Amino acid sequence: TTIQNLISFYTRLLLGLIWSGGLVSALIVFYFIQRLLGPVRELTRGAAQIANGNYIEIPVKNTNDEIEVLTKQFNSMARTIKASFAATEKRIRELKEAQMALSRSEERISGIINAVNDIMLMVDNRGDILWLNDKGKYVFGRESEGKKYQEILYRNQDVPSDCFIEKFIKTNVEGDTE
């Protein structure tokens, strides 16, 4: 019975030590997994923040491993994206301002041209009327744009030899006339 008691005691002690060793081993493995996955979780949260437009930097932990290098690269990428996005937003603002200035300028020029009491027109090198001011549209009709100048100005009669538009079409040298 004493030997059986000793065997039973040592068996329980051995099982307790194995059980305790397994538990300690599991805790150690759990600790290292958490330590390794923590920075990966931070990177995942950072990627989600960037996807939402919040360009954060993730604190770099000195682990001297690939995770540290990856975190530094991730932060560099976030800074580059943030700078690129800011530059794009600035360029969009500048373009909108330029567009508004151009629109105001176009309105002023259009107002000046349409206030002129003379007919003004623009003809391309094929003889098509590209544009008429308001006075020209009043005299020749709004549908005149896009038609041949001969049809509108000369009502399909012979074009005079001294016609400046005809000279432009033949020589392709621009000119103004009054």
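Quick notes on this structure:
- Cross-chain or 6+ apart pairs with Cβ under 7 Å, segment 70-96 first and assigned to a helix (DSSP H, G or I), then open to solvent by 80 Å² or more (accessible area, probe 1.4 Å): Asn75/Glu57; Ala78/Glu57
- Filter result for Ile67 (modelled with pLDDT under 90 and in contact with a Pro (Cβ under 7 Å, 6 or more places away or on another chain)): yes
- Residue count, segment 97-128 (criterion: loosely packed, with under 10 Cβ neighbours inside 10 Å and either touching a residue at least 12 places away in the same chain (Cβ under 8 Å) or of a type in the set (A, V, I, L, M) (or both)): 3
So that you can scan it fast, the table gives a plain yes or no per residue for (1) among the hydroxyl-bearing types (Ser, Thr, Tyr); (2) open to solvent by less than 60 Å² (accessible area, probe 1.4 Å); (3) over 37 Å from the mean Cα position of the chain (by Cα); (4) closer than 30 Å to Tyr55 by Cα:
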position	(1), (2), (3), (4)
Lys82	no, no, no, yes
Glu94	no, no, no, yes
Leu130	no, no, no, no
Gly136	no, yes, yes, no
Glu143	no, no, yes, no
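- Candidates in segment 50-68 are the residues that are open to solvent by less than 70 Å² (accessible area, probe 1.4 Å) and not in a loop (DSSP other than H, G, I, E, B); of these, the one that is nearest to Phe85 (Cα to Cα) is Ile50.
The values are calculated or read from the model by the stated rules, or taken from the named source; none is laboratory data. The model shown is predicted, which means the values in this text are computed figures rather than measured ones. Virtual Cβ from ideal backbone geometry, glycine too; neighbours counted across all protein chains shown. Keep in mind that these areas ignore ligands, DNA and RNA; they rest on the heavy atoms of the full protein, side chains included. Shrake-Rupley method; radii C 1.70, N 1.55, O 1.52, S 1.80 Å.
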